[in-house]
Amino acid sequence: MDNSSKFYITTPIYYVNARPHIGHTYTTVVCDTVARRQRMMGFDTWFLTGTDEHGQKIERSATAAGCSPKEFADRVSAEFRQLWDRMKLSYDDFIRTTEPRHVRGVQQLFTQLKERGYIYKGSYSGQYCVFDELYVDVSEPGAACPECGRPTETVKEENYFFKLSAMEEPLLKLYSEKPNFIRPEARRNEVIAFVRSGLRDLSVSRTTFTWGIPVPEDEQHVIYVWLDALANYITALGYGSGNPKDQVKLARYWPADVHMIGKEIVRFHCVYWPAFLLAAGIPLPKSIVAHGWLLFEESKMSKSRGNIVRSETILDTLGADTLRYFLMREIVFGNDGSFSFDALVQRFNADLANGLGNLSSRTLSMITRYFEGEIPYPSAGARDGSDEAIAELAGKTISEFHAQFEQFQFSRALETTWGLVAAVNKYIVEHEPWAIAEKDDQDSRARLATILHTSAEALRIVTALVHPVIPESTARIWEQLGLGDIRKLDLRNLAWGQLPLHTKLGKVEAVFPRADKSTIERMQQMEQERVAQGTAAVAAETTPEARAEVAPPPAPAAEPPAASAPSSNTITIDDFARVELRVAQVKVAEKVKGADKLLRLEVDLGNETRQIVAGIAKAYAPEILIGRKVVIVANLAPRKLRGLESQGMIVAASLGEEGVPVLAGFLEDVPVGARLK
Ligand code: MSP
């Protein structure tokens with residue numbers, strides 16, 4: 001990290017089409033941790049986060065939920081902010097792209113690019129991926145997006161174009177002159193290869209939807225969502241405000257020191273963003289740092305896959321620090337990492353409850369018991385090599401922690417620190433201070449004082465170092481050590497031997513709760529309830545009017561609805577037995593592009609996953625189906641709908657003349673794969 005006295009760090013701004021989950025929390029916690037440490041290192045720090053609220057994807061999510069895009073964005077943006085507040089994240093500003101300060105700034109940037117000759121009007125015809133908000137290089141209508149595999153849409157419009165092609169050389173020069181501009185190295189190489197393969201001009205306006213920022217003086221066009229979104233990093237500081245007073249922050253904090261992002265948005269940040277800035281004559285950020293994905297059940301946690309874990313579940317059981325510690329320790333920064341409740345509880349027990357928790361409660365309660373709660377004096381005569389070894393290890397830990405942290409090696413920095421925790425716990429066990437305390441002679445007393453002083457000093461150092469990672473519990477340990485408010489600590493001066501003698505300890509109590517198998521079960525149960533509640537909440541948010549609007553739906557499923565059987569047309573039990581009805585759980589649900597009645601579902605049948613194309617899109621928004629158990633006809637011959645194979649049919653009641661589908665379900669919990677007879 002750069003060593004000037006200011007430090008500006010940003011998270012991506014999160015799309016409001018999905019509710020926050022621990023994938024979003026991961027990035028935000030990493031930034032929060034870095035920001036906290038920078039403050040403790042004396043930097044004037046600015047930490048920005050926010051929400052990305054424009055674009056077709058959000059317009060469509062809002063329509064599906066039966067409300068206006070702004071109402072939809074207000075609701076989800078508030079959820080993000082409330083979660084960050086609940087986690088006491090130390091962001092300095094939260095930007096929303098629907099705020100006037102941002103809209104004004106984006107329009108200013110567009111105008112600036114146009115005035116400098118980098119934006120021109122042209123026409124475009126080709127395929128667009130709504131999911132990625134990206135024009136893609138495929139020629140067939142409906143062809144799969146090379147990025148995400150979803151079907152693309154054909155668009156033909158008159159657009160404004162940004163001269164990205166003119167930026168090829170300047171970008172390559174930038175990457176080679178500033179090797180730290182993109183980190184880690186693997187991402188840098190990918191970007192360089194991408195730019196070397198040639199850049200085409202980029203369409204930066206759309207006319208096929210309206211939920212966006214209008215192009216100045218040509219309001220039929222809205223500005224491309226990525227130009228809109230990326231600009232947040234400067235509009236939040238006052239760029240585009242006519243008032244010089246609002247631009248103090250821009251002068252102070254821009255350029256950003258770190259844009260922290262997930263690896264899937266590297267191209268937008270490392271190619272488009274610097275290209276826009278170069279063209280506009282605005283200084284470039286110092287570095288863009290990409291991390292890997294948080295996986296759950298082997299794949300990237302995401303709304304469309306339905307494999308989401310909510311942060312709230314962990315906050316309600318083990319607290320924010322446990323989640324923070326897990327994310328920073330368990331995931332090797334830059335790589336993908338897996339989340340599981342088992343791993344979370346294991347990490348918590350090993351490192352927090354037993355590791356740091358034990359060190360803290362043992363040391364502090366022995367000082368309370370044997371020295372009336374005052375840090376004892378470590379007389380020189382009572383010291384031996386083992387105390388010196390701890391002091392030496394602590395010194396080494398401080399320098400290694402800093403070096404590793406600066407390199408974004410958070411997991412290693414914590415591993416290093418926990419090496420010290422383990423060494424001190426071992427030192428305590430080996431010296432058995434509780435046994436020494438039973439002896440009354442002066443030498444034993446002096447030795448006991450030295451051991452407890454050494455342990456308390458090591459505890460102080462660990463607590464100080466990891467305060468940015470687990471702020472709440474370290475603040476409590478700090479107070480118990482009698483050191484007051486940890487926020488006043490200057491981390492630059494941290495060294496062995498600064499623990500003030502005879503400090504009176506605060507009230508000593510356990511900092512970490514206990515966790516066992518029942519905690520895991522509780523968390524899993526809470527997740528299931530949240531999924532169910534979420535489903536109900538989204539359904540409730542869909543107004544009756546909106547439902548009526550989307551009502552006249554088609555067949556309840558891929559197949560035409562079976563007409564109710566006339567009584568003469570009875571079947572035997574054997575006939576019925578030929579129909580294989582089974583319980584399945586929806587894992588993926590998404591709209592089928594170009595077919596407003598169809599949803600493409602992936603359902604889990606227990607031993608296999610099936611793709612089903614169902615005509616229920618007008619009655620069910622895809623996101624409310626994820627996790628829901630449905631009944632399917634499992635032995636129906638497959639058929640193709642809109643080019644997609646439907647491997648079964650979903651069973652639903654068909655209501656009214658229009659045949660509004662209502663999915664069959666159960667009051668009791670039923671296992672996936674169960675057969676209906
Ligand atoms: N709105 C854009 C970003 C615009 S920035 C100018 C966007 N939003 S997003 O909601 O999809 O958030 C993406 C970011 O959230 C990722 O880049 C990453 O930082 C974080 N993550 C979302 N899911 C994640 C995981 N499963 N794992 C790790 N990070 C995740 O893209």
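The values are calculated or read from the model by the stated rules, or taken from the named source; none is laboratory data. Predicted model, so just to flag it, every value in this text is computed and none were measured. In this analysis, Cβ positions are derived from the backbone assuming ideal geometry, glycine residues included, and neighbour counts consider all displayed protein chains.
Going by what's in this entry, would S411 be described as surrounded by fewer than 22 Cβ atoms within 10 Å (Cβ to Cβ) and either out of contact with any His (no Cβ under 7 Å at 6 or more places or on another chain) or within 22 Å of A350 (Cα to Cα) (or both)? Steps first, answer last, please.
On the way: surrounded by fewer than 22 Cβ atoms within 10 Å (Cβ to Cβ): yes; either out of contact with any His (no Cβ under 7 Å at 6 or more places or on another chain) or within 22 Å of A350 (Cα to Cα) (or both): yes.
Considered against the rule, which asks whether it is surrounded by fewer than 22 Cβ atoms within 10 Å (Cβ to Cβ) and either out of contact with any His (no Cβ under 7 Å at 6 or more places or on another chain) or within 22 Å of A350 (Cα to Cα) (or both), S411 comes out as yes.
Can you work out which of the residues in region 613-634 that are modelled with pLDDT under 85 and either of a type in the set (D, E, K, R) or more than 31 Å from the chain's Cα centre (by Cα) (or both) is farthest from M649 (Cα to Cα)? Filtering region 613-634 for residues that are modelled with pLDDT under 85 and either of a type in the set (D, E, K, R) or more than 31 Å from the chain's Cα centre (by Cα) (or both), the one farthest from M649 (Cα to Cα) comes out as E623.
Kindly evaluate I436 against the criterion of being farther than 22 Å from Q498 by Cβ and in contact (Cβ under 8 Å) with a residue 12 or more places away in the chain.
Numbers: farther than 22 Å from Q498 by Cβ: yes; in contact (Cβ under 8 Å) with a residue 12 or more places away in the chain: yes.
The answer is yes for I436.
Can you pull out the residues in region 222-239 that are surrounded by 24 or more Cβ atoms within 10 Å (Cβ to Cβ) and either more than 16 Å from the ligand (Cβ to nearest atom) or of a type in the set (D, E) (or both)? Across region 222-239, the qualifying residue is only D228.
A62 falls short on exactly one of the conditions (1) in contact with an Asp or Glu (Cβ under 8 Å, 6 or more places away or on another chain); (2) over 26 Å from M328 (Cα atoms); (3) within 9 Å of the ligand (Cβ to nearest atom), and that condition is (3). Of the residues making up region 655-672, one or more are surrounded by fewer than 21 Cβ atoms within 10 Å (Cβ to Cβ) and touching an Asp or Glu at 6+ places or on another chain (Cβ under 7 Å). In the set A73, A64, A35, A18, only one residue is farther than 25 Å from L237 by Cα, surrounded by 21 or more Cβ atoms within 10 Å (Cβ to Cβ) and small (G, A, S); that residue is A64. Filtering region 201-215 for residues that are more than 16 Å from the ligand (Cβ to nearest atom) and over 30 Å from S68 (Cα atoms) leaves a non-empty set.
Within region 109-129, identify whether any single residue is of a type in the set (D, E) and in contact with a helix residue (DSSP H, G or I) (Cβ under 9 Å, 6 or more places away or on another chain), and answer yes or no. Steps first, please.
Initial filter on region 109-129 (of a type in the set (D, E)): 115.
Applying the additional criterion that residues be in contact with a helix residue (DSSP H, G or I) (Cβ under 9 Å, 6 or more places away or on another chain) yields none.
Checked against the condition, which is being of a type in the set (D, E) and in contact with a helix residue (DSSP H, G or I) (Cβ under 9 Å, 6 or more places away or on another chain), region 109-129 yields no hits at all.
If I filter region 285-302 for residues that are surrounded by fewer than 22 Cβ atoms within 10 Å (Cβ to Cβ), within 22 Å of Y135 (Cα to Cα) and more than 10 Å from the ligand (Cβ to nearest atom), do I get at least one hit? No: region 285-302 contains no residue that is surrounded by fewer than 22 Cβ atoms within 10 Å (Cβ to Cβ), within 22 Å of Y135 (Cα to Cα) and more than 10 Å from the ligand (Cβ to nearest atom). Would you pick out the residues in region 1-23 that are under 23 Å from H102 (Cα atoms), near the ligand (Cβ under 9 Å from one of its atoms) and either more than 13 Å from the chain's Cα centre (by Cα) or among the β-branched types (V, I, T) (or both)? Of everything in region 1-23, those that are under 23 Å from H102 (Cα atoms), near the ligand (Cβ under 9 Å from one of its atoms) and either more than 13 Å from the chain's Cα centre (by Cα) or among the β-branched types (V, I, T) (or both) turn out to be T10, T11, I13, V16, N17.
Pairs linking a residue in region 4-17 that is in contact (Cβ under 8 Å) with a residue 12 or more places away in the chain to a residue that is more than 13 Å from the ligand (Cβ to nearest atom) and in a strand (DSSP E or B), with Cβ atoms under 6 Å and 6 or more positions apart or on different chains, are S5/D44; K6/D44; F7/T45; Y8/W46; I9/F47. For G42, the criteria (1) surrounded by fewer than 18 Cβ atoms within 10 Å (Cβ to Cβ); (2) in contact with a Lys or Arg (Cβ under 7 Å, 6 or more places away or on another chain); (3) under 20 Å from V309 (Cα atoms) hold in every case but one, which is (3).
Against the numbered list (1) within 15 Å of the ligand (Cβ to nearest atom); (2) assigned to a strand (DSSP E or B); (3) closer than 14 Å to F94 by Cβ, W46 comes up short only at (1). Taking region 275-373 and the strands (runs of 3 or more DSSP E) fully enclosed by it, the elements with 1 or more residues that are at pLDDT 95 or above and out of contact with any Leu (no Cβ under 9 Å at 6 or more places or on another chain) are at 288-291.
Going residue by residue through region 510-525, is there one that turns out to be within 30 Å of Q346 (Cα to Cα), part of a helix (DSSP H, G or I) and aliphatic (A, V, I, L, M)? Checked region 510-525: at least one residue is within 30 Å of Q346 (Cα to Cα), part of a helix (DSSP H, G or I) and aliphatic (A, V, I, L, M).
Checking each residue in region 202-250 for being part of a loop (DSSP other than H, G, I, E, B) and in contact with a helix residue (DSSP H, G or I) (Cβ under 7 Å, 6 or more places away or on another chain) picks out V204, F209, W211, G212, I213, P216, A231, L237, G238, Y239, G240, S241. Among the residues of region 237-265, those identified as farther than 30 Å from D336 by Cα and of a type in the set (A, V, I, L, M) are L237, V248, L250, A251.
Considering region 452-486, and only residues there that are without any contact (Cβ under 8 Å) to a residue 60 or more places away in the chain and more than 20 Å from I390 (Cβ to Cβ), the residue that is nearest to the chain's Cα centre (by Cα) turns out to be A475. The set of residues in region 267-281 that are hydrophobic (A, V, I, L, M, F, W, C) and near the ligand (Cβ under 9 Å from one of its atoms) comprises F268, W273. If you take the residues of region 106-128 that are among the hydroxyl-bearing types (S, T, Y) and assigned to a strand (DSSP E or B), which of them is modelled with the highest pLDDT? Checking each candidate, the answer is Y120.
Among the residues of region 32-43, which ones are of a type in the set (D, E, K, R) and within 16 Å of the ligand (Cβ to nearest atom)? Residue satisfying the conditions is D32 alone.
Annotation: of all residues in region 136-180 being aliphatic (A, V, I, L, M) and in contact with a strand residue (DSSP E or B) (Cβ under 7 Å, 6 or more places away or on another chain), the one that is farthest from W226 (Cα to Cα) is A143. Looking at region 251-258, is at least one residue crowded, with 21+ Cβ neighbours inside 10 Å, more than 10 Å from the ligand (Cβ to nearest atom) and assigned to a helix (DSSP H, G or I)? Scanning region 251-258, I find at least one residue that is crowded, with 21+ Cβ neighbours inside 10 Å, more than 10 Å from the ligand (Cβ to nearest atom) and assigned to a helix (DSSP H, G or I), so the answer is yes. Is it the case that some residue within region 24-31 is near the ligand (Cβ under 9 Å from one of its atoms), polar (S, T, N, Q), under 27 Å from E623 (Cβ atoms) and surrounded by 24 or more Cβ atoms within 10 Å (Cβ to Cβ)? Yes: one or more hits.
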